């Protein structure tokens with residue numbers, strides 16, 4: 001994948017992440033796999049890619065008054081705990097199982113959104 005494509009995909013990932021609220025990770029994982037990473041490596045690198053994008057977006061939304069921190073606490077604390085636990089569990093799960101979990105989650109999220 002050449003530099004122009006990578007730049008375009010990065011732009012797309014950032015835009016989708018903002019428009020869909022972290023949907024950029026669902027694009028990032030397949031792109032990293034296309035570059036030759038395993039499922040585990042792709043998911044771990046996707047988190048590292050999405051973190052700064054989401055952080056900048058969150059600061060902009062907070063600065064503009066679009067987010068009330070008090071509304072985010074209900075998910076923030078358990079989400080942080082889940083992320084710490086996830087970093088330990090991902091090491092014990094095979095790439096094949098992670099691929100299945102990732103695929104099922106994407107399908108489930110898509111179907112759920114279609115029928116809501």
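Label sites at residue 88 and residue 62, each approximated as a point 7 angstrom past Cα along Cα to Cβ, lie 2.8 nm apart. Contact order for the chain, expressed relative to its length and based on alpha carbon pairs under 8 Å spaced 6+ residues apart, stands at 21 percent. The separation of region 92-110 from region 32-83, counted between C-alpha centres, amounts to 18 Å. Ellipticity at 222 nm from helices only: DSSP H runs of n ≥ 4 in the chain, each -39500 (n - 2.57), divided by the residue count, give -28000 deg cm²/dmol.
How would 9, 75, 32 line up from fewest to most surrounding beta-carbon atoms within 10 angstrom?
Values: 9 15, 75 10, 32 19.
Ascending Cβ contact count within 10 Å gives the list 75, 9, 32.
Potential lengthening of the chain between residue 114 and residue 38 amounts to 24.4 nm, from the contour at 0.36 nm per residue minus the alpha-carbon distance. Counting every C-alpha pair in the chain, the share spaced more than 25 angstrom apart comes to 30%.
All of the numbers you see were taken from the coordinates with simple rules; none came from a lab. Remember, it's a predicted structure, so these values are computed and weren't measured experimentally. Here the Cβ is made from the backbone with ideal geometry for all residues, glycine too, and neighbour counts use every protein chain on show.
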